[in-house]
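Student: My structure is below; once you've seen it, I'll send some questions.
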Amino acid sequence: MSNIIEKIDDRDEKEFVGTSSEFSEIANTASLNLLPTKSRKQYEITYNRFREWCFDKKVVNFTENVRLAYFYKRLHDIKPSSLWSEYSIMKACLSSKDNINIKNYKTLMAFIKQNSVGFRAKKSKVFNREHIYKFLKEAPDSQYLMKKVAAIFGITCRRDELQKLSVDDIEEVGSILIVKVPRSETDNERSFVIRGTTVRGAFDPINEIADICKKHNIWLHIDAAWGGGLIFSQKHRAKLNGIERANSLVVNPHKLLAVPQQCSLLLVQNTEILYNCFSRGAEYLFQKDKHYDRSYDLGDKYLQCGRKCDVFKFWFMWKAKGSSGFANHIDTLMDLAEYFEEQVNTRPEFQLVSKRQYMNVCFWYLPRYLRAKTNILENSSQLHKVAPQIRALMIQYGSVMLGYQPLKGLPNFFRFVSQNSALTKKDVDFILDHIKEIGDAIFK
Ligand SMILES: Cc1ncc(COP(=O)(O)O)c(C=O)c1O
């Protein structure tokens, strides 16, 4: 049989005429690799059966009628419900091996549809929301804790991958979780690092994480949306040490640097990658024969096409203020945050949630009955209600707008974060005095 196939292949490889046999071999192997690994053998058998039939029938041109005749014959050999899968296999083989697309053969398609009685397309099963909630709630922690963590953090993996994921695939390095999703039939092994610090304004140990990413060949993306602007301050930029090792990085100048909304930068190390991922090369927009440098055509690098040029706002501000202007802005804000933290620490009616690393000062106002307590968290449920009530009144008065939130089981606390370097220590005093005044009036 292999002899027959070789002969057919020799006759049929018109596109390889004039090329060396070495190229034909490489192309054959490459096209084989396009077929699904798991069922490659089945694909080969189906395809070879067709080619043998062609050889017997002395078929030279592979027209739609030839395919129709073949499937008509196959209808006598196989169950109607298998016709559709045989058609799919043939479609994949002809496309990858012969560069023939039978998708548009309308009569053939109608024939297959009409005759494939009882065929049900297999749908891949995925967890729905209810399954996930049930799993998180009911599966025993002793066995499934790490899988739960993976599910909560939204690691993208298939059901069978999640089922195969074991505690051994999750490595804890300090406060970092590395999750290795094992190789599956359809996807290559891939790893994720899980870290997350937003509310407290903490900085991750970037170099430590970058080492881990390098070791496990993991893409390092840094969310420096809030912290990235710090690069302008000689005094504080060391917090960003290692940021240059990121594969991709987001910085929002509309946050710390107070550029008018919105202005968000995505920086990538590999200058080709955005183009390779997103380019659609629409010829009516991105002509290859323009008279100017085509690298200015940024539209072909993005999911969107035409958008406002937000980065100009940042560029104009930079021109106007200079790097030293941004540095002053940041240093003033950091000093202000330091003063805020000091005040919280010195006033008995306030308590810091955790030591400040950045501009985020997280603190509780303590009603009188809590001030003498050594562990205020024993009264968590009461404390939880304090910040929302004080905030509601401040908003009603139109005096101060200050955010609050709970965090990892901690009761609601206020979070002072300012990007307005015109604020002064007097403003900080006013805010804290005001909270105390309202709190002391509500909570006797
Ligand atoms: C650390 C961090 N990342 C990302 C975001 C989202 O930013 P945006 O939606 O403005 O791009 C925020 C918003 O506060 C943030 O603090």
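What follows draws every value from the coordinates through simple rules; no lab data is involved. Just so it is clear, the model here is predicted, and its values are computed rather than measured. Neighbour counts run over all protein chains shown; Cβ positions are idealised from the backbone, glycine included.
Student: So, in nm, how far is label LYS73 from label GLU44 when the simple model puts each one 7 Å beyond its Cα toward the Cβ?
Tutor: 2.3
Student: Whose amide H sits under 5 Å from the amide H of VAL353, counting only residues 5 or more places off or on another chain, with H placed in the peptide plane?
Tutor: CYS362, PHE363, TRP364
Student: Here are some pairs, LYS214/LYS301; LYS215/LYS239; LYS58/LYS97; LYS41/LYS91; LYS355/LYS408; which of them have Cα atoms lying more than 18 Å apart in this structure?
Tutor: Where the Cα-Cα span goes over 18 Å, the pairs concerned are LYS214/LYS301; LYS215/LYS239; LYS58/LYS97.
Student: If r is the Cβ-Cβ distance from SER381 to ALA238 and R0 is 56 Å, what FRET efficiency results, to the nearest 0.05?
Tutor: 0.90
Student: Arrange THR271, THR374, THR198 by Cβ neighbour counts within 10 Å, fewest through most, would you?
Tutor: Working: THR271 9, THR374 5, THR198 12.
Going from sparsest to densest Cβ surroundings: THR374, THR271, THR198.
Student: Another question about this same structure. Over 24 Å apart: what share of the alpha carbon pairs of region 253-380 falls there, rounded to a whole percent? Each step should come with its number before you reach the end.
Tutor: On the way: 4727 of 8128 pairs.
Every Cα pair in region 253-380 considered, those over 24 Å come to 58 percent.
Student: Shifting gears a bit: Under the Karplus relation 6.51 cos²θ - 1.76 cosθ + 1.60, θ = phi - 60°, what is the ordered set of whole-Hz ³J(HN,Hα) values for region 97-108, x standing for Gly and Pro?
Tutor: Computed from phi, the couplings for region 97-108 are 8, 10, 6, 10, 9, 9, 4, 8, 7, 5, 5, 4 Hz.
Student: Still on this structure, please answer the following. How high is the FRET efficiency from ALA110 to GLN304, r the C-beta distance, R0 51 Å, rounded to 0.05? Walk me through the numbers before you get to the answer.
Tutor: Working: r = 39 Å, r/R0 = 0.76.
Plugging the Cβ-Cβ distance into 1/(1 + (r/R0)^6) gives 0.85.
Student: Shifting gears a bit: What's the exposure ranking of GLU52, GLU86, GLU349, going from fewest to most Cβ atoms within 10 Å?
Tutor: Ascending number of Cβ neighbours within 10 Å: GLU52, GLU349, GLU86.
Student: 7 Å from Cα along Cα→Cβ at both ASP289 and GLN261: what's the point-to-point distance in nm?
Tutor: Each label point is offset 7 Å from its Cα along the Cβ direction, giving 4.7 nm.
Student: Rounded, prolate or oblate, given the Cα gyration tensor of region 195-322, with a/c below 1.5 counting as rounded?
Tutor: oblate
Student: Rounded to the nearest 0.05, what FRET efficiency do LYS319 and TRP219 give with R0 = 30 Å and r taken as the Cβ-Cβ distance? Could you check?
Tutor: On the way: r = 34 Å, r/R0 = 1.12.
It comes out at approximately 0.35.
Student: Kindly write out, for region 312-321 in residue order, the coupling ³J(HN,Hα) from the Karplus curve 6.51 cos²θ - 1.76 cosθ + 1.60 (θ = phi - 60°), rounded to whole Hz, with x marking Gly and Pro.
Tutor: In residue order, the calculated couplings are 4, 4, 5, 4, 5, 5, 4, 4, 6, 8 Hz.
Student: Okay, next question. For region 386-432, what does the alpha-carbon gyration tensor say about shape, rounded, prolate or oblate, given a ≥ b ≥ c as the root eigenvalues, a/c under 1.5 as rounded, and a/b over b/c as prolate?
Tutor: Because a/c hits 1.5 or more and a/b fails to exceed b/c, region 386-432 counts as oblate.
Student: Suppose each label sits 7 Å from its Cα in the direction of the beta carbon; what would the CYS277-ALA422 distance come out to in nanometres?
Tutor: A separation of 3.8 nm, rounded to one decimal place.
Student: OK, next. Could you give the spread of the C-alpha atoms of region 319-442 along their three principal axes, from largest to smallest, in whole angstroms?
Tutor: Here the spans come out as 51, 30, 25 Å, largest first.
Student: When VAL250, VAL361, VAL353 are ordered from fewest to most other Cβ atoms inside 10 Å of their Cβ, what list results?
Tutor: Placing the least packed residue first, the sequence is VAL250, VAL353, VAL361.
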